[in-house]
1. Charges on Cβ only, +1 for Lys and Arg, -1 for Asp and Glu, centred on the Cα centroid of the chain; of 43, 99, 24, which one is farthest towards the dipole's positive end?
2. Subtracting the Cα-Cα distance from 0.36 nm times the residue separation, let me have the gained length for residue 120 to residue 65 in nm, one decimal.
3. Is it possible to state the helix-based mean residue ellipticity at 222 nm for the chain, with each DSSP H run of 4+ residues giving -39500 (n - 2.57), the sum divided by total residues, to the nearest 500 deg cm²/dmol? What is it?
4. Span-like helices, the chain: DSSP H, alpha-carbon axial extent 15 Å or more, mean Kyte-Doolittle 1.0 or greater, which ones?
5. Defining a contact as two alpha carbons under 8 Å apart and six or more residues distant in sequence, what relative contact order in percent does the chain show?
6. Could you tally up the Lys pairs in the chain with alpha carbons closer than 16 Å? Skip any pair fewer than 8 positions apart unless they're on separate chains.
7. Normalized C-alpha radius of gyration of the chain, against 2.2 N^0.38 Å?
8. Name the shape class, rounded, prolate or oblate, that the alpha-carbon gyration tensor gives for segment 11-74, where a ≥ b ≥ c are the square roots of its eigenvalues, rounded holds for a/c under 1.5, and otherwise prolate holds if a/b is larger than b/c and oblate otherwise.
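Each reported figure results from applying straightforward, stated rules to the coordinates on display, with no laboratory input. Computed from a prediction, not measured in an experiment: that's the story for all the values here. Positions of Cβ are backbone-derived with ideal geometry, glycine not excepted, and every protein chain shown enters the neighbour counts.
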Amino acid sequence: MKDLKDTVCVEPVTPPKMGRAKRLAFQIIAVLSLIMAFVGILVPGIPATEFILLCAWSSAKASPRIYRFLHENRFTGPLLYNWHHGRVVSRKSKIAATISMLVCAILLLLSALHPLLIALCIGCMLCANIWIWSRPESVKKATV
């Protein structure tokens, strides 16, 4: 079996028929979520993975070029392959997300924000972290 890093998961995408305004809205969502994913890589507390998944979803509806770029990219391709084949999140991604959320929580605790806002943010991160760790870590092999 091929290593997931070498696997390209590019299904041919034919965007559904829709009006110009709706297509444009999906394209804007795709571009903005891709930008936010890049920001999320650099800034702790902003989730890159979720924005990549949002970008893949919206680009599948309106932008085959962005969809193909995401699936052929060496960084996002394996993540999307895993997601499409069993909603899998790798252990490396889980650890990175947990560390990022911990750093963000520490920064929030050291800030002068209202305690209720801090509690709300940390609560949301805790829920997201629990959800991430509940995902499987490997793609199940097909049994023949």
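1. Value: 24.
2. The residue 120-residue 65 span can extend by a further 16.0 nm.
3. Rounded to the nearest 500, the figure is -22000 deg cm²/dmol.
4. 20-42, 91-110, 115-134
5. 25 percent.
6. 7
7. Normalised Rg, Cα atoms only: 1.18.
8. The shape class here is oblate.
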